[in-house]
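Below is one structure, written out as structure tokens, with a few remarks after it.
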Amino acid sequence: MANYATHIAVGTVVSGALATLTLAADVVGPESLIAVTLAGVVGSILPDIDLKESRASRMFFSGIGVFASFCVLFIAAIHFSIAELWILWLGSLVAVRYGLHAVFHRLSVHRGAWHSLLAGVFWAALTAIVFHHALGKHEGVAWLGGGFMFIGYLTHLILDEIYSVDFMDRRIKASFGTALKFFDSRYPAHSAILAVSTIGILLVSPSPVAFVDGISSRDLWTGLHSRLLPKDRWFGVISDDGKVIWRTNDAAQKAVVEERGSQANQPKSPITTTGSIPRTVPNVQ
């Protein structure tokens, strides 16, 4: 399988490429773009949480341990003394970081249920819930983060399969086919629990309507196609009778203004109206 450095490097490149498209399409505001990009990077290492000594596993359980301990601290703040709060905070941190970590790895198998597309859907839906309810993001932005998470997750699975092929010796390793799969048929009980959990997560996740309407908008894809390559210049440089000259700042700025003006006259999709997915505002009578 690919190592940690490879997974996070490729995941960062893929997420960065998606972020570039998202920025060019004016899908979300800059304040949300970093968050959804990080979701993709996290997704690219997340399948390895079922490997007990992996960095992904240690980072994941440390992260949720810190999150859980502060949730306990905030809930209990007005009920207990400082000494008691210290004990509760540290106890919950240790319980999640080491206790939950140990239980999880006793029940899980490396390249089992978590190395599957079903697990990718589970984490995508959970990401959407966190973005919407914990970070206060709109439903469309929340599912955009979930989409980045899923693609990052898928990138990890594909990389593992690629590394299962030894191109030099022209042979396929025994691990081939264990990473990229819909579900883990070797452990049906694990897959069944994950499937039920995924359905439950999807039922309480935010509505994906704004996200689906936005990314399926014809105007969005038409705009991306028109911006894919420069029309007459690369990086502000144009050719005049075989000579390469720099376009002046004023001319370049004028061209950008004219281009934006022409785009402004085109109908906007729901996802690109304001540079971010707009919130639904109830009508006030």
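Structural remarks
- Scalar couplings 3J(HN,Hα) for segment 207-223, obtained by applying the Karplus form with A = 6.51, B = -1.76, C = 1.60 to θ = phi - 60°, are 5, x, 4, 4, 5, 5, 4, x, 6, 9, 5, 5, 4, 4, 6, 5, x Hz; x denotes Gly and Pro.
- Going by neighbour counts of Cβ atoms within 10 Å, the residues Trp114, Trp143, Trp221 line up, fewest first, as Trp221, Trp114, Trp143.
- Per-residue Cβ neighbour rank within 10 angstrom, fewest leading, Phe122, Phe183: Phe183, Phe122
- Global geometry of segment 4-214, whether rounded, prolate or oblate, following the gyration tensor of its Cα atoms and the 1.5 cut on a/c: oblate
Rule-based calculations on the coordinates, nothing more; no lab input. Here the structure is a predicted model, which is why all the values come from computation and not from measurement. No Cβ is skipped: glycine too gets one built from the backbone with ideal geometry, and neighbour counts run over all protein chains shown.
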